[in-house]
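Encoded as structure tokens, the structure appears first; notes follow it.
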Amino acid sequence: MTHVLVTGGAGFIGSHLVEALLARGYEVTAIDDLSTGSIRNLDEARKHKRFSYYIDSVMNERLMAELIDRADMVYHLAAAVGVRLIVEKPVHTIETNIRGTEIVLELAARKRKTVLITSTSEVYGKSSKVPFNENDDLVLGSTTRPRWAYACSKAIDEFLGLAYYREFGMPVVIVRLFNTVGPRQTGQYGMVVPRFVTQALKGEPLTVYGDGTQTRAFAYVGDVVEAMIALTENSLAYGQVFNIGNDKEISIAELAQLVIQRTASTSPIEYIPFEKAYDENFEDLQRRVPDLTKVRKLINYTPKVCIEEIIDRVAASVRSTLR
Ligand code: UDP
């Protein structure tokens with residue numbers, strides 16, 4: 001039986017990936033230090049006989065050596081994530097993201113295990129050439145602005161993954177995840193969809209930062225994890241970088257209105273200047289849209305869940321926690 005290791009398995013995306021892998025009949029082990037993940041995310045997975053988990057850090061090399069030894073494949077999701085966390089804990093972000101990936105690749109290389117590295121649309125930086133294509137230049141801001149430390153740490157992870165492929169022929173796939181949303185994502189670290197839905201359900205004002213004309217394209221987590229699995233199962237994906245997300249854009253002001261409408265909320269919308277919402281060194285992005293041509297071509301990827309359905313599913317999940 002194929003045995004898969006998921007680092008960051010108790011996180012929002014990790015826990016959905018764990019469930020999808022279990023549903024495919026794999027034996028799955030998760031490791032998570034619960035820094036941003038939650039054991040409750042694994043409630044479903046823990047009912048399975050083919051599932052085991054470790055509350056520990058990917059920095060624990062001895063444990064990682066053992067877990068990678070036992071696995072046929074590694075999905076490396078453990079990382080410091082979320083814009084707010086990155087601004088608040090820059091040292092932790094840089095160290096976890098770079099060293100964690102080094103450990104995974106180094107250990108997996110010894111036995112040529114397949115590794116999927118999760119990167120992020122943040123690596124495109126403030127490029128204004130939308131949609132973002134995998135071969136585009138990265139346009140990062142100054143090192144005096146902490147946001148870009150996250151992008152740089154993930155770009156190093158990508159370089160390292162590609163280097164292992166080139167130098168040792170190791171089966172490595174890199175995915176750049178765009179705004180991924182769905183049940184279990186917490187608004188605690190700034191993510192807009194769970195924040196708006198929670199605000200709407202509590203009857204609190206929806207906090208739109210800036211003038212709300214900035215856009216994003218939100219992908220459903222279930223669509224994203226299916227694409228991740230399909231890519232690792234396709235040897236043509238090795239040594240390559242793929243965008244995964246949804247390419248249907250919506251402005252943040254429109255999103256706020258849609259959330260109010262779908263949840264039948266009476267909440268008002270409150271516009272908050274960026275300077276008040278974030279640290280003064282923060283820069284927000286006006287548009288972020290993936291070019292999905294490459295992933296579409298290789299695995300026939302099409303996002304299935306639209307933003308309306310996403311909001312409904314997130315609302316159902318938030319309602320169950322508010323009760
Ligand atoms: N945003 C907002 N109100 C919030 C949280 C976020 O208007 O309460 C905005 C944020 O400024 C950004 C967009 O929503 O323009 C998406 O933010 P998120 O942190 O979810 O993703 P990212 O900026 O990383 O794409």
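Output the residue which, of all residues in segment 60-114 that are crowded, with 19+ Cβ neighbours inside 10 Å, touching a Pro at 6+ places or on another chain (Cβ under 7 Å) and not polar (S, T, N, Q), is nearest to Asn179 (Cα to Cα). Applying the filter and picking the extreme gives Ile86.
A single member of His92, His76, His48 is in contact with a Ser or Thr (Cβ under 8 Å, 6 or more places away or on another chain) and of a type outside the set (A, V, I, L, M, F, W, C), and it is His76. Of the residues in segment 164-200, how many are without any contact (Cβ under 8 Å) to a residue 40 or more places away in the chain and in contact with a strand residue (DSSP E or B) (Cβ under 9 Å, 6 or more places away or on another chain)? Result for segment 164-200: 1. Residue count for segment 103-140 satisfying the condition of being under 21 Å from the mean Cα position of the chain (by Cα), in contact (Cβ under 8 Å) with a residue 60 or more places away in the chain and within 16 Å of the ligand (Cβ to nearest atom): 8. You will find that of Thr213, Thr232, Thr293, the residue that is surrounded by 14 or more Cβ atoms within 10 Å (Cβ to Cβ) and either small (Gly, Ala, Ser) or at pLDDT 95 or above (or both) is Thr232 and no other.
Exactly one condition in (1) closer than 22 Å to Leu116 by Cβ; (2) modelled with pLDDT of 95 or more is not met by Tyr150; state its number. Unmet condition: (2). Selection of segment 211-245 for residues being assigned to a helix (DSSP H, G or I) and out of contact with any Gly (no Cβ under 8 Å at 6 or more places or on another chain) yields Asp223, Val225, Glu226, Ala227, Met228, Ile229, Ala230, Leu231, Thr232, Ser235, Leu236, Ala237.
When we screen Ala237, Ala264 for residues that are more than 15 Å from the ligand (Cβ to nearest atom) and in contact with a helix residue (DSSP H, G or I) (Cβ under 6 Å, 6 or more places away or on another chain), the only hit is Ala237. If the condition is being more than 12 Å from the ligand (Cβ to nearest atom) and at pLDDT 95 or above, then segment 267-290 contributes Ser267, Pro268.
Against the criterion of being touching a Leu at 6+ places or on another chain (Cβ under 8 Å) and more than 16 Å from Gly239 (Cα to Cα), Val123 qualifies. Does Ile13 count as part of a helix (DSSP H, G or I), under 22 Å from Tyr238 (Cβ atoms), within 16 Å of the ligand (Cβ to nearest atom) and in contact with a helix residue (DSSP H, G or I) (Cβ under 7 Å, 6 or more places away or on another chain)? Considered against the rule, which asks whether it is part of a helix (DSSP H, G or I), under 22 Å from Tyr238 (Cβ atoms), within 16 Å of the ligand (Cβ to nearest atom) and in contact with a helix residue (DSSP H, G or I) (Cβ under 7 Å, 6 or more places away or on another chain), Ile13 comes out as yes. Looking only at segment 32-86, which residues are within 29 Å of Ala151 (Cβ to Cβ), part of a helix (DSSP H, G or I) and of a type outside the set (A, V, I, L, M, F, W, C)? Answer for segment 32-86, where residues must be within 29 Å of Ala151 (Cβ to Cβ), part of a helix (DSSP H, G or I) and of a type outside the set (A, V, I, L, M, F, W, C): Asn41, Glu61, Arg84.
The values are calculated or read from the model by the stated rules, or taken from the named source; none is laboratory data. What you see is a predicted model, and the numbers here were worked out from it, not measured in a lab. Here the Cβ is made from the backbone with ideal geometry for all residues, glycine too, and neighbour counts use every protein chain on show.
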